[in-house]
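Remarks on the structure that follows.
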Amino acid sequence: MNEFNGEVKKMMIILSKASLENVYAAFILANGARMEGIEAELFFTFFGLEAIQKKKLEHLHVATVGNPAMHIPTLLGSLPGMEAMATTMMKKEMEKLDIPGVEEFLDIMKASGVKLWACKLAMEMFHLTKEDMYDGIGGIITVGEFYKKGAGVGTHMLFI
Amino acid sequence: MEKMIAGKNIQVNEEGYLTDFSQWDKSVAHEIAHHEGIGELTPHHWKIIDYLQDQHKQEIPLSIRKIGKSGVVDIEQFYSLFPQGPLKKATKIAGIPKPASCI
């Protein structure tokens with residue numbers, strides 16, 4: 001019998017937030033896994049659902065309040081226009097690094113074999129239906145079903 | 001380090017990527033492809049290998065996104081032609097360095 005060597009075989013990533021920095025962290029981790037030949041599945045729950053909502057996915061923002069890495073006073077970060085400005089700046093930098101926009105990134109992940117799942121409970125809470133969501137999602141599932149998909153040796157779960 | 005590939009002593013790094021492209025030829029590509037579980041290289045595989053080598057020559061960094069826009073192959077086909085990490089495997093077969101890209 002072969003002994004398991006500890007290698008990562010599957011990444012199950014849960015995205016619960018909608019700020020751009022969190023969405024990109026989840027996407028890059030999922031896509032990066034596929035690039036290494038590792039399976040990847042993304043579970044969108046709570047505010048994370050905004051990343052796969054047709055109407056919202058291209059309008060996500062960087063958090064300027066409550067984000068110490070912004071290095072600006074919280075009061076300043078709360079001024080109108082600050083989030084938009086920070087977001088524009090970040091998007092420019094990302095384009096330079098060849099990082100795609102949210103919808104294109106979803107398309108790339110779908111084509112790369114990343115499975116995309118929407119959380120059933122959160123969908124109900126926000127009164128969303130499948131028609132509101134990005135067409136490439138695999139379905140609307142419960143936490144239990146998501147865990148089942150993570151079965152097997154070498155699966156890791158990540159909460160963002 | 002040196003590795004015997006297709007009957008020749010080839011310079012490779014610890015991950016098996018060629019360190020001297022002048023040692024690359026089609027027989028080397030075939031043997032690496034076989035070793036990586038890709039099997040027989042089809043004309044479509046070769047088109048992609050040519051494209052990757054050409055980009056490398058022009059010193060353009062490789063990414064999945066760029067390959068998807070190249071017109072040579074779409075992302076889904078790229079994953080099915082080179083399963084289990086297409087960019088990693090295709091560059092190894094093409095005799096060029098492993099891309100340091102995360103996207």
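The values are calculated or read from the model by the stated rules, or taken from the named source; none is laboratory data. In this text the structure is predicted, and so the values were computed from the model without any measurement. Positions of Cβ are backbone-derived with ideal geometry, glycine not excepted, and every protein chain shown enters the neighbour counts. Just so you know, the surface numbers come from the protein's heavy atoms only, side chains and all, with ligands and any DNA or RNA stripped out. Shrake-Rupley method; radii C 1.70, N 1.55, O 1.52, S 1.80 Å.
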Counted residues, the range B:52-71 - those being crowded, with 19+ Cβ neighbours inside 10 Å and either away from every other protein chain (no Cβ under 14 Å) or assigned to a loop (DSSP other than H, G, I, E, B) (or both): 3
Selection count where residues are in a helix (DSSP H, G or I) and either more than 22 Å from A:G101 (Cβ to Cβ) or not charged (D, E, K, R) (or both), scope the range B:72-90: 11
Evaluation of A:L76 against (1) out of contact with any strand residue (DSSP E or B) (no Cβ under 6 Å at 6 or more places or on another chain); (2) closer than 30 Å to A:A118 by Cβ (one fails), failing number: (2)
The range A:78-106, subset buried (at least 18 other Cβ atoms within 10 Å of the Cβ) and either touching an Asp or Glu at 6+ places or on another chain (Cβ under 8 Å) or within 13 Å of chain B (Cβ to nearest Cβ) (or both), residue farthest from A:M35 (Cα to Cα): A:V102
Residue count, the range B:91-102 (criterion: in contact (Cβ under 8 Å) with a residue 40 or more places away in the chain, farther than 15 Å from B:S27 by Cα and either of a type in the set (K, R) or within 11 Å of chain A (Cβ to nearest Cβ) (or both)): 2
Complete set of residues in the range B:1-45 that are open to solvent by less than 40 Å² (accessible area, probe 1.4 Å) and either small (G, A, S) or part of a helix (DSSP H, G or I) (or both): B:A6, B:G16, B:V28, B:A29, B:I32, B:A33, B:G39, B:H45
